[in-house]
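Structure record follows, encoded as structure tokens.
The values are calculated or read from the model by the stated rules, or taken from the named source; none is laboratory data. Computed from a predicted structure; not experimentally measured. Cβ sites come from the backbone with ideal geometry, for glycine too, and all protein chains shown count toward neighbours. Protein only, heavy atoms only, side chains kept; ligands, DNA and RNA dropped before computing areas. Shrake-Rupley method; radii C 1.70, N 1.55, O 1.52, S 1.80 Å.
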Amino acid sequence: MEDFILLQESGSFNAFAKAELIDGDIYTVNAIHRPHAGILADLSADLVYAVRASGLALKVYTPVSTRLDDYNLPEPDLVIAMIEPEALVTGRSVRLAVEVSASSLDFDLGPKARLYARSSIPEYWVVDVAGRSIVQMTAPNEGVYSAIRDTPFGDRITLITIPQIAIDTTALA
């Protein structure tokens, strides 16, 4: 983990949109294009407003390196987490992790979902850009999410684990 952070800080991954450490392996992602960026911007704005309106001591970060353990430093597109003093967001503070999938749907629904479930992230969303929906996963148990719901763009979605936070996804449609 520390070597990976040194590589990041030295600029080794500057040619990529982001670099992540997943199960000890480095993954790089190229530039983010308009469909991904637009959905992320709208989703971020809506969730920031909803979190503030909830009055809960939470913050929305986008994108943010998230330390899950010594071998995993993913960079979810968006995280809702408790506020803490550490430089990196920690897995124990994360209440929602979100990946916007314009070209990485299989990875986000497979290895990433298992990683977040194994790390006990209580709620994980995969925004399927092509499918125009949000796959909402909760109840992590033994490395898998045991509850999965699919919400089409244009519908209202409520965090299952934090029902005070809900958004209308019409802007995503």
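Coupling constants for the stretch 10-19 follow from the phi torsions by the Karplus curve (6.51 cos²θ - 1.76 cosθ + 1.60, θ = phi - 60°), and in residue order they are 7, x, 4, 10, 4, 6, 10, 5, 7, 10 Hz; glycine and proline get x.
If you average 1/r over every pair of different alpha-carbon atoms in the stretch 60-119 and take one over that average, what Kirkwood value in Å do you get?
So the Kirkwood estimate lands at 11.7 Å.
Residues whose amide H comes within less than 5 Å of that of SER133, counting only those at least five positions distant or on another chain, are ASP128, PHE153 (H built at 1.01 Å from N in the peptide plane).
Amide H to amide H distances under 5 Å link ARG95 with ILE80, ALA81, MET82, where only residues 5 or more positions off or on other chains count and H is placed in the peptide plane.
Membrane-span-like helices in the chain, defined here as complete DSSP H runs extending at least 18 Å along the helix axis by their C-alpha atoms with mean Kyte-Doolittle hydropathy no lower than -0.5, are 34-54; this is a sequence and geometry rule, not a statement about a membrane. Could you tell me what percent of the accessible area of the chain is made up of carbon and sulfur, with a 1.4 Å probe and every protein chain present? Answer for the chain is 53 percent, counting heavy atoms of protein chains only. Across the stretch 78-93, computed HN-Hα scalar couplings (Karplus, 6.51 cos²θ - 1.76 cosθ + 1.60, θ = phi - 60°) run 7, 9, 10, 9, 5, 7, 9, x, 5, 5, 9, 5, 9, x, 5, 8 Hz from first to last residue, x flagging Gly and Pro. In this structure the stretch 34-171 gives 46 Å² per residue of accessible area when probed at 1.4 Å with all protein chains present.
Grab the beta carbon distance between ALA166 and ASP3, set R0 = 41 Å, and tell me the FRET efficiency rounded to 0.05. According to the calculation, E is roughly 0.50.
Near ILE165, the amide H atoms lying under 5 Å from its own belong to LEU159; only residues 5 or more places off or on other chains count, and H is placed 1.01 Å from N. In the chain, the DSSP-assigned H stretches of four residues or longer account for a calculated mean residue ellipticity at 222 nm of -7000 deg cm²/dmol, using -39500 (n - 2.57) per stretch and the full residue count as denominator.
Let me know the shape class of the stretch 1-60, please: from the alpha-carbon gyration tensor, a ≥ b ≥ c as square roots of the eigenvalues, rounded when a/c is under 1.5, otherwise prolate if a/b is greater than b/c, or oblate. Since a/c reaches 1.5 but b/c is at least a/b, the shape of the stretch 1-60 is classed as oblate. Each 5 Å bin from zero up to the one holding the largest Cα-Cα distance in the chain carries the following percent of pairs: 1, 8, 18, 22, 22, 16, 8, 3, 0.
Here the dipole of the stretch 1-134 is about 460 debye; that uses its Cα centre as origin and unit charges on the Cβ of Lys and Arg (positive) and Asp and Glu (negative).
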